[in-house]
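S.K.: So that we are looking at the same thing, I have put the structure below in structure tokens.
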Amino acid sequence: MSRDNVYQFIDLPRVDPSKIPLNIRKTEFIEIYQIFSESQANAQSDRCLECGNPYCQSKCPLHNNIPNWLRLVHEGRIFEAVDLAHTTNSLPEICGRVCPQDRLCENACTLNSEFGAVTIGNMEKYLTEKAFEMGWKPNLKGLIKCDKKVAIVGAGPAGLGCADVLIRNGIDVTVYERQQEIGGLLTFGIPSFKLEKSVMTRRREIFTDMGIEFKLGIEIGKELSLDHLVAEYDAVFLAVGVYQGMKANIPNEDTQGVYSALPFLISNTQHLLGFDSPDYVSMQDKRVIVLGGGDTAMDCVRTSIRQNARSVTCVYRRDANNMPGSRKEYNNAREEGVEFQFNAQPVEIIVENGIVAGIKIVKTKMGEADVNGRCKAEIIPNSEEVIPCDVVIIAFGFAPHDLPWLDSVGVNLDKNGHISTCGELKQQTANPKIFAGGDITRGSDLVVTAIAEGRDAAQSIMEYLNV
Ligand code: FAD
Ligand code: SF4
């Protein structure tokens, strides 16, 4: 089919899918964005210029073939579009939902500044959902199996990306996961209002049909040793993520009523899924303060709103323009009723009768930009004030947790505790049989970069195994 109107991008503005009504949004843990209709998808995909050197594709860490799958969607060739999407991405329906497209592909889109970028993320979500609805399944017919087997530790996006590539190349894959469901932070960290959990369950069924074996509820280093996997398998891929919450390093941080972001979010999802959730805490009727300005902070404030907190305030030491989190999630949080205290640096948690009673802050002003272009927060002398609250949630990022079970296998850590991929091949560790990727090697980052490292590791494993 030829293009009807090459100037479609001028005549037809960029459209984002509508959100579900605010009153429902604020109380329920369901995805807030509705899916494009067929006519919207058809029209929006036709806005693409099909650039000769597509910047969108080069900026995507997976180098997704965006212009070609947009064209296939416009032509109604959904199965071909979804097959093409899977040649570079193991979880396109997830990336369509949670990637920060405004920083990656859509930011790089040629149309971005003047006409509004093509809505790439929502098209990715549309094409995968449409394909599933039409009964699409990966076609592994004719695949020749080889006699190699690989163990993967961790069923987050890095582990799943690696498993997907290996199984499609005839290698037996077993994924060991300590949780009762696959997905890693996709399942237990990212709240359901960004990514509904049935999406991951469906993907587990697809991967299982493809032949990937999941051994859930098994923690390596506890129930099973890494030495055992190294002895039993031809190669091992470590994709265990980072789970040590950063401290605020202010007085009274260990007081009752102070929580770390990740246990708070994980236990909320476990609770919603009906799993055992010993750390679960509800913010109902509480005055909640969340410290931090990233996406995890936005997930905490919006989770607290849905738990029916009395008030929710995000305290951040820089201004709105210098927040590290996505603008889209900040706007969603504001719409849902979150208050923001910008230019406020926490200095002490105020305690009364052994529990949290408030947070002391000092005001800041924006100083010069650092090497990343973000302005430094400079403290204004004598500007202390106390904000009363019942709960403080600290959302300052994550560092690697202890991995003592690595000691016996000759894998090195770097100075920050991340696994060092210092081997000859991409993602290979100091032990040539062991590969690693995702947050545990690069530091807390993104779903798409974790998938990319998992897929790269699979290519290296195949090279190592001569497959
Ligand atoms: P993980 O997703 O952490 O998966 C690691 C897996 O290994 C887990 O399932 C864990 O249980 C398992 N595991 C660990 N140790 C063992 C063991 N010893 N034995 C067996 N299993 C083990 N990124 C985005 O792109 N968009 C977002 O919107 C976004 N939102 C986020 C929100 C929050 C709250 C957080 C914390 C992160 C968010 N991220 C987001 C970042 C993204 O989720 C991570 O970068 C990504 O999940 C890292 O993938 P991974 O596979 O390396 O690790
Ligand atoms: Fe299409 Fe934008 Fe990519 Fe160009 S940069 S190919 S217009 S999506």
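S.K.: I'd like the residue in the range 142-184 that is without any contact (Cβ under 8 Å) to a residue 60 or more places away in the chain and in a helix (DSSP H, G or I) and, out of all such residues, is nearest to ligand 2 (Cβ to nearest atom).
M.R.: Per the stated criteria, the residue is 168.
S.K.: Specify which of the listed residues (245, 211, 241, 221) is surrounded by 14 or more Cβ atoms within 10 Å (Cβ to Cβ), under 26 Å from the mean Cα position of the chain (by Cα) and more than 14 Å from ligand 1 (Cβ to nearest atom). Explain how you work it out, then say what you get.
M.R.: Details: 245 fails: more than 14 Å from ligand 1 (Cβ to nearest atom); 241 fails: more than 14 Å from ligand 1 (Cβ to nearest atom); 221 fails: more than 14 Å from ligand 1 (Cβ to nearest atom).
Criteria check complete, one pass: 211.
S.K.: Name the single residue that is farthest from the chain's Cα centre (by Cα) among those in the range 37-55 being away from ligand 2 (no atom under 13 Å from the Cβ) and among the aliphatic types (A, V, I, L, M). Show your work before the answer.
M.R.: At the first step, the residues of the range 37-55 found to be away from ligand 2 (no atom under 13 Å from the Cβ) are 37-43.
From the residues that got through so far, the ones that are among the aliphatic types (A, V, I, L, M) too are 41, 43.
On the way: 41: 25, 43: 29 Å.
Checked the range 37-55; the qualifying residue farthest from the chain's Cα centre (by Cα) is 43.
S.K.: Regarding the range 274-285, can at least one residue be identified that is in contact with a Leu (Cβ under 9 Å, 6 or more places away or on another chain) and buried (at least 17 other Cβ atoms within 10 Å of the Cβ)? So that I can check it myself, show each step before the final result.
M.R.: So the first thing to find is which residues in the range 274-285 are in contact with a Leu (Cβ under 9 Å, 6 or more places away or on another chain), and the list is none.
No, the range 274-285 has no match at all.
S.K.: Still on this structure, I have one more. Regarding the range 391-407, can at least one residue be identified that is in a loop (DSSP other than H, G, I, E, B), of a type in the set (Asp, Glu) and out of contact with any strand residue (DSSP E or B) (no Cβ under 7 Å at 6 or more places or on another chain)? Break it down stepwise before answering.
M.R.: At the first step, the residues of the range 391-407 found to be in a loop (DSSP other than H, G, I, E, B) are 395-397, 400-403.
Still in the running and of a type in the set (Asp, Glu): 402.
With the extra rule that they be out of contact with any strand residue (DSSP E or B) (no Cβ under 7 Å at 6 or more places or on another chain), the set shrinks to 402.
Checking the range 391-407: at least one residue is in a loop (DSSP other than H, G, I, E, B), of a type in the set (Asp, Glu) and out of contact with any strand residue (DSSP E or B) (no Cβ under 7 Å at 6 or more places or on another chain).
S.K.: Also: Look through 39, 58, 18, 45 and report the one residue that is closer than 12 Å to residue 119 by Cβ and among the hydroxyl-bearing types (Ser, Thr, Tyr). Spell out how you get there, then give the answer.
M.R.: Values: 39 fails: closer than 12 Å to residue 119 by Cβ; 58 fails: closer than 12 Å to residue 119 by Cβ; 18 fails: closer than 12 Å to residue 119 by Cβ.
Checking each option against the conditions leaves just 45.
S.K.: Among the candidates 58, 113, single out the residue that is hydroxyl-bearing (Ser, Thr, Tyr), within 14 Å of ligand 2 (Cβ to nearest atom), free of Cβ contacts under 8 Å to residues at least 40 places away in the same chain and not assigned by TED's automatic domain parsing to the domain that holds residue 459. Spell out the reasoning first.
M.R.: Details: 58 fails: free of Cβ contacts under 8 Å to residues at least 40 places away in the same chain.
Step by step, each of 58, 113 is checked, and only 113 is hydroxyl-bearing (Ser, Thr, Tyr), within 14 Å of ligand 2 (Cβ to nearest atom), free of Cβ contacts under 8 Å to residues at least 40 places away in the same chain and not assigned by TED's automatic domain parsing to the domain that holds residue 459.
S.K.: Quick test for you: out of 414, 402, 445, 407, pick the one residue that is within 11 Å of ligand 1 (Cβ to nearest atom), open to solvent by 20 Å² or more (accessible area, probe 1.4 Å) and within 22 Å of residue 221 (Cα to Cα). Step through it out loud before you land on a result.
M.R.: Details: 414 fails: within 11 Å of ligand 1 (Cβ to nearest atom); 445 fails: within 22 Å of residue 221 (Cα to Cα); 407 fails: within 11 Å of ligand 1 (Cβ to nearest atom).
None of the others qualify; the one that does is 402.
S.K.: With respect to residue 297, determine if the residue is exposed (fewer than 14 other Cβ atoms within 10 Å of the Cβ) and within 26 Å of residue 399 (Cβ to Cβ).
M.R.: On the way: exposed (fewer than 14 other Cβ atoms within 10 Å of the Cβ): no; within 26 Å of residue 399 (Cβ to Cβ): yes.
For residue 297, the condition - exposed (fewer than 14 other Cβ atoms within 10 Å of the Cβ) and within 26 Å of residue 399 (Cβ to Cβ) - is not met.
S.K.: Ok, one more. Checking the structure you have, find out if any residue of the range 140-162 is under 18 Å from residue 89 (Cβ atoms) and open to solvent by 40 Å² or more (accessible area, probe 1.4 Å).
M.R.: yes
S.K.: While we're on this one: Restricting the first residue to the range 439-458 and requiring it to be free of Cβ contacts under 8 Å to residues at least 12 places away in the same chain, which pairs with a second residue that is open to solvent by 10 Å² or more (accessible area, probe 1.4 Å) meet a Cβ separation below 8 Å and a spacing of at least six or different chains?
M.R.: That search, which allows pairs on different chains as well, returns 445/439.
S.K.: Let me ask you something else. Quick check on the range 185-207: of everything there that is assigned to a helix (DSSP H, G or I) and among the polar types (S, T, N, Q), which residue is farthest from ligand 1 (Cβ to nearest atom)? Please lay out each step first, then the result.
M.R.: The initial filter retains those residues of the range 185-207 that are assigned to a helix (DSSP H, G or I), namely 185-188, 197-207.
Those left that are additionally among the polar types (S, T, N, Q): 187, 198, 201.
Working: 187: 7, 198: 17, 201: 14 Å.
Per the stated criteria, the residue is 198.
S.K.: Okay, next question. How many residues does the range 315-336 hold that are touching a Lys or Arg at 6+ places or on another chain (Cβ under 8 Å), in a loop (DSSP other than H, G, I, E, B) and open to solvent by less than 40 Å² (accessible area, probe 1.4 Å)?
M.R.: Qualifying residue count for the region: 3.
S.K.: Moving to a separate point now. Taking the options 423, 367, 417, 437, name whichever one is outside the structural domain of residue 455 (by TED's automatic domain parsing) and of a type outside the set (A, V, I, L, M, F, W, C). Walk me through it before giving the result.
M.R.: Details: 423 fails: outside the structural domain of residue 455 (by TED's automatic domain parsing); 417 fails: outside the structural domain of residue 455 (by TED's automatic domain parsing); 437 fails: outside the structural domain of residue 455 (by TED's automatic domain parsing).
Of the residues listed, the single one that is outside the structural domain of residue 455 (by TED's automatic domain parsing) and of a type outside the set (A, V, I, L, M, F, W, C) is 367.
S.K.: Here's a follow-up. Only one of these is touching a strand residue (DSSP E or B) at 6+ places or on another chain (Cβ under 7 Å) and near ligand 1 (Cβ under 9 Å from one of its atoms): 151, 155. Name it.
M.R.: The unique qualifying residue is 155.
S.K.: Pick from 24, 10, 30, 35: which is in a helix (DSSP H, G or I), open to solvent by 40 Å² or more (accessible area, probe 1.4 Å) and under 30 Å from residue 271 (Cα atoms)? So that I can check it myself, show each step before the final result.
M.R.: Working: 10 fails: under 30 Å from residue 271 (Cα atoms); 30 fails: in a helix (DSSP H, G or I); 35 fails: in a helix (DSSP H, G or I).
Sole residue among the options that is in a helix (DSSP H, G or I), open to solvent by 40 Å² or more (accessible area, probe 1.4 Å) and under 30 Å from residue 271 (Cα atoms): 24.
S.K.: Inspect the range 381-398 for any residue being modelled with pLDDT under 95 and open to solvent by less than 50 Å² (accessible area, probe 1.4 Å) and give the result as yes or no.
M.R.: yes
S.K.: Which of the helices (runs of 4 or more DSSP H) found entirely inside the range 39-125 contain at least 1 residues meeting this: open to solvent by 60 Å² or more (accessible area, probe 1.4 Å)?
M.R.: Qualifying helices (runs of 4 or more DSSP H): 55-59, 66-74, 78-88, 105-108, 112-115.
The values are calculated or read from the model by the stated rules, or taken from the named source; none is laboratory data. Predicted model, so just to flag it, every value in this text is computed and none were measured. Neighbour counts run over all protein chains shown; Cβ positions are idealised from the backbone, glycine included. Quick note on the areas: whole protein, heavy atoms, side chains included, nothing else; ligands and nucleic acids left out. Shrake-Rupley method; radii C 1.70, N 1.55, O 1.52, S 1.80 Å.
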